[in-house]
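What follows is a set of notes on a single structure, which appears directly below.
The values are calculated or read from the model by the stated rules, or taken from the named source; none is laboratory data. None of the values given here were measured: they were computed from a predicted structure. Cβ placement follows ideal geometry from the backbone for every residue including glycine, while neighbour counts extend to all protein chains displayed.
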Amino acid sequence: MKKTYKVEVDCANCAAKMEEAVKKTEGVKDAALSFMTLKLKVEFEEGADIEAVMQNALKNCKKVEDDCEIFL
Amino acid sequence: MNKKQKKALNSIIISIILLTAISIFLHFVNIPIQLEFVLYMAPYLIIGYDILKKAVKGIFNRQVFDENFLMAVATVGAIVLGEFREGVAVMLFYQIGELFQSVAVGKSRKSISALMDIRPDYANILVDGEIEQIDPDDVEIGTEIIVNPGEKVPIDGIIVSGSTTLNTSALTGESLPRSAVSGDEIISGCINMTGAITVRTTKPFGESTVSKILDLVENSSMKKSRSENFITKFAKYYTPAVCYAALALAFLPPLILLITGNSPQWSVWVIRALTFLVISCPCALVISIPLSFFGGIGCASSNGILVKGSNYLESLSETKYIMFDKTGTLTKGVFEVVDIFPEYGFTKDKLLELAAYAENASSHPISLSLKRAYGKKLDIEKISDVKEIAGHGISAVVEGKTVCAGNIKLMKKLGLNDVACDKIGTIVYVAIDNVYAGCIVIADVVKDTSRAAIDALRTNGVKQTVMLTGDNKQTAEKIASDIGIDIVKSELLPADKVEEVEKIINMKSEKEKLAFVGDGINDAPVLSRADVGIAMGGLGSDAAIEAADIVLMDDDPAKIALAMKISVRTLSIVKQNIVFALLVKFICLALGAVGIANMWIAIFADVGVMIIAVINATRALRI
């Protein structure tokens, strides 16, 4: 299951950190964030509760970069 | 500028005014240092409040070594040491740099998106005799939509009425308009130029060509290049390393001085350490690389070359071996009359005309190419007694003469021996009233740009070009020598092609990449096996778009060389940026450590380098 989200983040390094944070979130198989298109593509583990996973992912992102947003 | 940027601009302006006012004021009036501190705090907090806040939050979230932290420590440090003005100025310039970066990135993001702006905003449908604009997403398959001149075709379909010319340049990079009439298939993303047409949709918007292309290009920056991954990894180790180095710079030399009995000069070393921190910010590196790739991909797509990921653009620049499929890739894949040899007493035109008439009723590819070559309308009344002689050809009475057109067996059957022609291709022999009249050679023709494409690839550093084909040896070798291919492998089955690709992959070194160019229909396994699979997409061929890494929208082999040129240029910009940014940073770091570089140089090393790198990256947009 793959989904794409719009994100907002100001610097490229922060975007790289956000990507890392999303990847580490439980239920996420893989993630890629493009700073150029400001889009986050998430591949979920089988049977993951997407809603909950993305909430956690956002929380993790906020930890590494306070000034960011994922539009869920 | 967006809201955030405007806010940043406002606080920058206010603090510049405040800072100047305070500096001028202090030039003339002497006040106690505590009061001076209070005065400077006003612009400092206005400009640095959110950085300080983020730095503190970062510490709580155990994200200590980010750039907010660096800036906070550097400026607070300067202020503690009594360098109030320096502290405020560093924060101010950092913010100016951030704003600059944000605007520059936003701008290039916009200009690249504009290059790829093929998204249709609406579709016109007829409701009770009135035209209504609706979201293309809501149009169901089989709906009739109206496309007026000047509008984009929103959804793939078939033209039911009207005729027009279409501008396909957004899809193919081809500037020559193509004409379309009722009954023709039409793909989304073209711009309707001359007449209003009605189109019956054959696909939902989500599966139309335009959606697929947009999806593909937008996702391309998700597939990251090795250079990009390298820098991200590098930044991960680099930032903390620099922080520890700064810490060491602040404490070790004074301690050593203290132990050796000298004055420790704490403030000198702490200032050097802070300068060090400002220089170290990794953003210039991290931003400029994806931006360059994005520019390169944007440039390619505006030329009708779709690149599915930065990594492929990177691999393409290192391509040393290119393998081609023949039919449909280097040749047009359609049969055309290439030569006519009339016997004495007949003209070329007459021979072609009679052959075309004789073959009129047939829909065999050979007959079609004869009729296409003749080009004029056939008067059916002139033809009678058409007989198809299976495995031999056709005989028909045209204008009272019996015309036989077919292969050599047909001639033998008519008792005409010794007429065999040794040209390469399919040969149609023509006899009129049992007299041999000549032959017409039909063959697959090489694309006009193939020869130039191969030459251009060679000048771009390709070591070897190979052509793989299922066709017979004679034909394959003729074509290869015509266009200058190095190696030909003929009479191959699809599985053999994979084997040939494997052979080269095993032989070449890891750094040299292999690209395969095919028409995407039966080449899927080879396309995916090669380092870079390039497909001749044709307008909207799904199979090709799925299987390949790079899609050439207009089937022009010359675009391969162009794509290589774009990739080489993009990569050279990437390398320039990496080298430039690292070099300036390390030189400034060294100068900062020994005390030659002051805060101002440090700010240049951070913000200046970043801006130069971003501007350099946007060059990738143009070729």
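Kindly check whether there is at least one residue in segment B:479-491 that is surrounded by fewer than 18 Cβ atoms within 10 Å (Cβ to Cβ) and within 30 Å of B:Gly393 (Cβ to Cβ).
yes
For the subset of segment B:426-464 comprising residues that are assigned to a loop (DSSP other than H, G, I, E, B) and in contact (Cβ under 8 Å) with a residue 24 or more places away in the chain, which member is farthest from B:Leu351 (Cα to Cα)?
Taking the candidates together, the pick is B:Gly461.
So which helices (runs of 4 or more DSSP H) stay within segment B:499-614 end to end and still have 3 or more residues that are touching a residue at least 40 places away in the same chain (Cβ under 8 Å) and not aliphatic (A, V, I, L, M)? Working first, answer last.
Values: elements: B:524-529, B:542-547, B:558-594, B:599-603.
Qualifying helices (runs of 4 or more DSSP H): B:558-594.
For the subset of segment B:246-289 comprising residues that are under 44 Å from the mean Cα position of the chain (by Cα) and of a type outside the set (A, V, I, L, M, F, W, C), which member is farthest from the other protein chains (Cβ to nearest Cβ)?
Only one residue fits best here, namely B:Thr275.
Got a sec? Which of B:Asp471, B:Asp422 is more than 30 Å from B:Ala563 (Cβ to Cβ) and of a type in the set (Asp, Glu)?
Working: B:Asp471 fails: more than 30 Å from B:Ala563 (Cβ to Cβ).
Of the residues listed, the single one that is more than 30 Å from B:Ala563 (Cβ to Cβ) and of a type in the set (Asp, Glu) is B:Asp422.
Looking only at residues that are part of a helix (DSSP H, G or I) and within 14 Å of chain B (Cβ to nearest Cβ) in segment A:33-72, which one is surrounded by the most Cβ atoms within 10 Å (Cβ to Cβ)?
A:Cys61
Restricting to segment B:71-99, and then to whatever is within 14 Å of another protein chain (Cβ to nearest Cβ) and over 37 Å from the mean Cα position of the chain (by Cα), can you tell me which residue is surrounded by the fewest Cβ atoms within 10 Å (Cβ to Cβ)? Explain how you work it out, then say what you get.
Initial filter on segment B:71-99 (within 14 Å of another protein chain (Cβ to nearest Cβ)): B:71-72, B:94-95, B:97-99.
When the remaining residues are screened for being over 37 Å from the mean Cα position of the chain (by Cα), the result is B:71-72.
Working: B:Met71: 24, B:Ala72: 22.
The extreme case among them is B:Ala72.
Kindly indicate which of B:Glu500, B:Glu388 is surrounded by 14 or more Cβ atoms within 10 Å (Cβ to Cβ), under 32 Å from the mean Cα position of the chain (by Cα) and among the acidic types (Asp, Glu).
B:Glu500
Can you spot a residue in segment A:13-26 that is assigned to a loop (DSSP other than H, G, I, E, B), more than 8 Å from every other protein chain (Cβ to nearest Cβ) and over 18 Å from B:Asn68 (Cβ atoms)? Can you show your working first?
Applying the first criterion (assigned to a loop (DSSP other than H, G, I, E, B)) to segment A:13-26 yields A:25-26.
Filter once more, so that each one left must be more than 8 Å from every other protein chain (Cβ to nearest Cβ): A:25-26.
Pick out the ones that are also over 18 Å from B:Asn68 (Cβ atoms) and you get A:25-26.
Within segment A:13-26 (the criterion being assigned to a loop (DSSP other than H, G, I, E, B), more than 8 Å from every other protein chain (Cβ to nearest Cβ) and over 18 Å from B:Asn68 (Cβ atoms)), the answer is yes, since at least one residue qualifies.
Tell me, which strands (runs of 3 or more DSSP E) lie completely within segment B:369-421 with 3 or more residues that are within 21 Å of B:Val337 (Cβ to Cβ) and small (Gly, Ala, Ser)?
So the answer is B:393-398.
Can you name every residue in segment B:207-245 that is under 28 Å from B:Gly58 (Cβ atoms) and away from every other protein chain (no Cβ under 11 Å)?
Once the filter is applied, which keeps residues that are under 28 Å from B:Gly58 (Cβ atoms) and away from every other protein chain (no Cβ under 11 Å), segment B:207-245 yields B:Ser227, B:Phe230, B:Tyr237, B:Pro240, B:Ala241, B:Val242, B:Cys243, B:Tyr244, B:Ala245.
For B:Thr172, work out the one condition from (1) away from every other protein chain (no Cβ under 14 Å); (2) modelled with pLDDT of 80 or more it doesn't fulfil.
Of everything listed in (1) away from every other protein chain (no Cβ under 14 Å); (2) modelled with pLDDT of 80 or more, B:Thr172 misses just condition (2).
From the list B:Ala535, B:Ala495, exactly one residue is crowded, with 17+ Cβ neighbours inside 10 Å and touching a helix residue (DSSP H, G or I) at 6+ places or on another chain (Cβ under 9 Å). Which is it? If you could, list the steps in order and put the result at the bottom.
On the way: B:Ala495 fails: crowded, with 17+ Cβ neighbours inside 10 Å.
Of the residues listed, the single one that is crowded, with 17+ Cβ neighbours inside 10 Å and touching a helix residue (DSSP H, G or I) at 6+ places or on another chain (Cβ under 9 Å) is B:Ala535.
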